[in-house]
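The values are calculated or read from the model by the stated rules, or taken from the named source; none is laboratory data. Please read these numbers as outputs of a predicted model, since none were measured by experiment. Every residue, glycine among them, receives a Cβ derived from its backbone with ideal geometry; neighbour counts consider all protein chains shown.
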Protein chains: 2
Amino acid sequence: RYFHFCKLPGRVMGIRLLRFTSVVIIVLLLVAGALTALLPNIKDDKMPNLRREPKTQSQSALDSFTLIMQTYNRTDLLLKLLNHYQAIPHLHKVIVVWNNIGEKIPEEMWNSLGPHPVPVIFKVQTVNHMRNRLQNFPELETKAVLMMDDDTLVSAHDLAFAFSVWQQFPEHIVGFVPRKHISTPSGVYSYGSFELQNPGFGNGDQYSMVLIGAAFFHSGYLEDFQRQPEAVYALIDETQNCDDIAMNFLVAKHTGKPSGVFVKPVDIRNLEKDTNSGYSGMWHRAEHLLQRSYCVNKLVNIYDGMPLKYSNIMISQFGFPNYANHKNKM
Amino acid sequence: RYFHFCKLPGRVMGIRLLRFTSVVIIVLLLVAGALTALLPNIKDDKMPNLRREPKTQSQSALDSFTLIMQTYNRTDLLLKLLNHYQAIPHLHKVIVVWNNIGEKIPEEMWNSLGPHPVPVIFKVQTVNHMRNRLQNFPELETKAVLMMDDDTLVSAHDLAFAFSVWQQFPEHIVGFVPRKHISTPSGVYSYGSFELQNPGFGNGDQYSMVLIGAAFFHSGYLEDFQRQPEAVYALIDETQNCDDIAMNFLVAKHTGKPSGVFVKPVDIRNLEKDTNSGYSGMWHRAEHLLQRSYCVNKLVNIYDGMPLKYSNIMISQFGFPNYANHKNKM
């Protein structure tokens, strides 16, 4: 080797240079990788967040919606409903909130039965909590969210129409299940539906909430939900209930108007009876409605006031299924 | 008289002064009178006039409406309807546009049957023109107008609800009779109702006009109507028709949105058959619908484009007459 010394310097220098360069490159890459991982999420705390920017500024982000469906112990219903919902017009993506703790998601089976019209993402949860579905999922790219219970079947026609209505009322919860609160002389509120006394503003009934288990709402409200008082989360976790009432409080406070717009469904069905799991849903618990009245009063305490407002607007689709729905004697 | 000459100057001067002063005063009064008569009406030409200031800034101007009803050759129906409409909640005043040229208004009879819940003003017209009802009546004090044909009976419930809907959509024509236009491959438009083909935006039908013969709209639009191209007035006068189509064009141009919001009436009736006059209304003329298609095309020429937009939103009153109107299988 000594004899090649005169020739080696070039090569040695070359090799040293090469090593040096490689080391520099590798270090730079590591630094870049570290920087990328450490970049903070830029959050605008002041804005009420209806101006959430979708991650892709594509047309689809404005003209389509993301279905978020939480599921517990009814995978048969989930899969049946997914076959239906995956093909709804204007659907961008499905996020399945998997509350079956410790159980594997049916990913293999799902993929083996592909291709599917839209991406379906299974989000594995660590605890079986009702409010898991109200996370600000990073996979969410659209301004609109459609939230459905895992036992509720709404027709494509109804969903397409309700989505078009939501686009005209984007700051409201636009959905198919209206509920109301009433106040009583004692100042204690009660929660219920048509069976409760009408609130007494003229004729007919009023609603002050639209349940999120079958409704469209702005994805910005999921972001807002992350910034609520701790007591709200505690209440929802304590009752495993009332996340939807809390969302209505949030929206009503934000808009100063009735939180929801009720769209009368033509075809909505509850598939509870069709499950093999024997599990029939939280609302069958004896204390379910009493809990919801309890939640209304607790939320009034937490928010220091009653923000819910009444509405009696019921929206239907003109001339669907046919013109008989607007025929009159004239 | 000569002897009094020394005393007369005072009196003579006094009389001359008096005459002079009187003449000056009279001249001043004449000038003042002339000035008052010549004062111009101050009009704000630039504003689109939805900011019309009511003459009294009272609460009633905001929370009530003025009924404008044009009448021709059906005084029996008019009086029957007035008994009903004069008692509608939130009604401020009635303006009857009297198209019975040369015939005395039933003022004596009206007064002899008083007192009445609200003032009713009979506006005598000089020619029997369809567009007489679209004048900017100085008696109009409210932001809202309810316009009704003199053969149309709408229940108080429907009117109270529709007024509350108008208050939520004040820039739209909120009413009970939806119509539409369709375009054809030749570019010629057609006017009609459910019998025409659906415009083809998804399921069901669409409407692009709400007729003003049974509708609420903002009184500012009456002011706007006075500033339309002459050809519009000529068209309405030529056809004795289409004033309502013209109003829908005006509103659609102004808002850039569908001109109307359709409220499905629970109880609306046509009383034509009940008149003793034998007169049964313009829409029975053979050419009525063809004329309206003709008007649509003429207005597109006049306004250099088709401003009408489609909507399929149908609004009903939640839980009225009873909760069955929103019951579902869930």
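Restricting attention to region B:110-144, which residues are under 24 Å from B:Ala234 (Cα atoms) and touching a Leu at 6+ places or on another chain (Cβ under 8 Å)? Lay out the reasoning, then the answer.
We begin by selecting, within region B:110-144, every residue under 24 Å from B:Ala234 (Cα atoms); these are B:123-138.
B:Leu134, B:Gln135, B:Asn136, B:Phe137 - these are the residues of region B:110-144 that are under 24 Å from B:Ala234 (Cα atoms) and touching a Leu at 6+ places or on another chain (Cβ under 8 Å).
For region B:90-121, which positions are touching a helix residue (DSSP H, G or I) at 6+ places or on another chain (Cβ under 6 Å) and at pLDDT below 95?
Once the filter is applied, which keeps residues that are touching a helix residue (DSSP H, G or I) at 6+ places or on another chain (Cβ under 6 Å) and at pLDDT below 95, region B:90-121 yields nothing.
Would you mind finding the one in A:Ser293, A:Ser280 that is within 23 Å of the chain's Cα centre (by Cα) and either surrounded by 18 or more Cβ atoms within 10 Å (Cβ to Cβ) or hydroxyl-bearing (Ser, Thr, Tyr) (or both)? Steps first, please.
Numbers: A:Ser293 fails: within 23 Å of the chain's Cα centre (by Cα).
Testing whether each residue is within 23 Å of the chain's Cα centre (by Cα) and either surrounded by 18 or more Cβ atoms within 10 Å (Cβ to Cβ) or hydroxyl-bearing (Ser, Thr, Tyr) (or both) leaves just A:Ser280.
Considering only region A:284-307, I want to know if a residue exists there that is under 30 Å from B:Ser164 (Cα atoms), touching a His at 6+ places or on another chain (Cβ under 7 Å), touching a residue at least 60 places away in the same chain (Cβ under 8 Å) and not in a helix (DSSP H, G or I).
No: region A:284-307 contains no residue that is under 30 Å from B:Ser164 (Cα atoms), touching a His at 6+ places or on another chain (Cβ under 7 Å), touching a residue at least 60 places away in the same chain (Cβ under 8 Å) and not in a helix (DSSP H, G or I).
Report those helices (runs of 4 or more DSSP H) wholly inside region A:189-277 carrying at least 1 residues which are surrounded by fewer than 18 Cβ atoms within 10 Å (Cβ to Cβ) and within 11 Å of another protein chain (Cβ to nearest Cβ).
Details: elements: A:220-225, A:230-239, A:243-255.
Output list is empty.
Can you pull out the residues in region A:110-151 that are without any contact (Cβ under 8 Å) to a residue 12 or more places away in the chain and of a type in the set (A, V, I, L, M)?
Hit for region A:110-151 is A:Leu113, nothing else.
Hey, any hits in region A:176-183 for a residue that's over 14 Å from A:Tyr310 (Cα atoms), surrounded by 19 or more Cβ atoms within 10 Å (Cβ to Cβ), in contact (Cβ under 8 Å) with a residue 12 or more places away in the chain and within 19 Å of the chain's Cα centre (by Cα)?
Yes, region A:176-183 has at least one match.
Counting just the residues of region A:175-188 that are within 30 Å of B:Ala156 (Cβ to Cβ) and β-branched (Val, Ile, Thr), which one comes out nearest to the other protein chains (Cβ to nearest Cβ)?
A:Ile182
So A:His326 passes all but one of these: (1) touching a Lys or Arg at 6+ places or on another chain (Cβ under 7 Å); (2) without any contact (Cβ under 8 Å) to a residue 40 or more places away in the chain; (3) farther than 26 Å from A:Asp158 by Cβ. Which condition number does it fail?
The single condition A:His326 does not satisfy is (3).
Please go through region A:318-330 and give me each residue that is among the charged types (D, E, K, R) and more than 7 Å from chain B (Cβ to nearest Cβ), ordered by number. Spell out how you get there, then give the answer.
Here is the first cut: in region A:318-330, the ones among the charged types (D, E, K, R) are A:327, A:329.
Result: A:Lys327, single match.
Regarding region B:301-317, can at least one residue be identified that is more than 27 Å from B:Gln70 (Cα to Cα), basic (Lys, Arg) and more than 7 Å from chain A (Cβ to nearest Cβ)?
Checking region B:301-317: at least one residue is more than 27 Å from B:Gln70 (Cα to Cα), basic (Lys, Arg) and more than 7 Å from chain A (Cβ to nearest Cβ).
For region A:239-247, state whether one or more residues are within 30 Å of A:Asn325 (Cα to Cα) and not β-branched (Val, Ile, Thr).
So the first thing to find is which residues in region A:239-247 are within 30 Å of A:Asn325 (Cα to Cα), and the list is none.
No, because not a single residue in region A:239-247 is within 30 Å of A:Asn325 (Cα to Cα) and not β-branched (Val, Ile, Thr).
All but one of (1) more than 23 Å from the chain's Cα centre (by Cα); (2) over 20 Å from A:Gln168 (Cβ atoms); (3) buried (at least 20 other Cβ atoms within 10 Å of the Cβ); (4) not hydroxyl-bearing (Ser, Thr, Tyr) hold for A:Ile313, so report the exception by its number.
(2)
With respect to B:Val188, is the statement that it is touching a residue at least 60 places away in the same chain (Cβ under 8 Å) and either touching a Ser or Thr at 6+ places or on another chain (Cβ under 7 Å) or farther than 26 Å from B:Lys80 by Cα (or both) true? Spell out how you get there, then give the answer.
Details: touching a residue at least 60 places away in the same chain (Cβ under 8 Å): yes; either touching a Ser or Thr at 6+ places or on another chain (Cβ under 7 Å) or farther than 26 Å from B:Lys80 by Cα (or both): yes.
Yes: the conditions hold for B:Val188.
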